[in-house]
Structure formats: C-alpha cells, structure tokens
Amino acid sequence: MERHQIFALILGLSVVNGMFSPYLDLTIALAPIWVPSWLPDNPSLLFYFASLLTATTTLLLSGVPAGLAEGAVPSLRNSNTSLWIWAGGALVLTIPGILRLVYLIAA
C-alpha cells in the first residue's frame, strides 16, 4: 500500500472510533467542562463535537507509538513501517468502537 492509503486507513479507523466508541458517552457526559457557553444547546451539535473530539484524540494517541519507534530507530523515518505502527495503534484503540458497532448492528 502507498503512504496516503495507509494514512486514509488511520483516518477511517479514527472516524469509526469517534462515532461508536464507548468513550463517546464519557465525552458527552463531560460536555459542561469542554463546551463553550456561547455554543447553542443542541444535542446534534453536541454529538458532532464529542465525536470529533474522540476521533481527534484517537488519531493523536495512536501516533505516539509510531513517533517513539521513529525516535528509537531512525531508519523507520523513510519507510511505511511507522505508518503501519500508527495504523496498529489506531486499530487497538478502535476495537471497543468496532465491538460496539457490531453489537448495534446485531441488535
């Protein structure tokens, strides 16, 4: 696979986790902490921003192992291996969201 395809996979996993993660409920419950007061009190808007926050957090946290691997092994900087590490981290973080999606489809 090419680099942009692997990155699209990482982004797709992050989006799936942002929409179906069990941590989305926690993010919505903590909304009074992170939602600005000028934002309209609309449940759809709250779900959108909570999903965006969860997906962005997944994207950032899944990149940490890849960054550590690139720092430890400098030869990884010019290869797709670090992107595959990043995709693996995103997959691990997305497993609860995938399980929740499967449960919702089966119910």
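The values are calculated or read from the model by the stated rules, or taken from the named source; none is laboratory data. What you see is a predicted model, and the numbers here were worked out from it, not measured in a lab. No Cβ is skipped: glycine too gets one built from the backbone with ideal geometry, and neighbour counts run over all protein chains shown.
Remarks
- Scope the range 6-41; condition polar (S, T, N, Q) and either at pLDDT below 90 or within 12 Å of G97 (Cβ to Cβ) (or both); matching residues: S14, N17, S21, S37
- Which numbered condition V64 fails, given (1) over 20 Å from W86 (Cα atoms); (2) part of a helix (DSSP H, G or I): (1)
- Restricting attention to the range 1-60, the residues being hydrophobic (A, V, I, L, M, F, W, C) and under 28 Å from W84 (Cβ atoms) number 18.
- Condition check for L104: at pLDDT below 95 and either more than 18 Å from the chain's Cα centre (by Cα) or on the phi > 0 side of the Ramachandran plot (or both): yes
- Residue check, T94 touching a Gly at 6+ places or on another chain (Cβ under 6 Å), in a helix (DSSP H, G or I), buried (at least 18 other Cβ atoms within 10 Å of the Cβ) and in contact (Cβ under 8 Å) with a residue 24 or more places away in the chain: no
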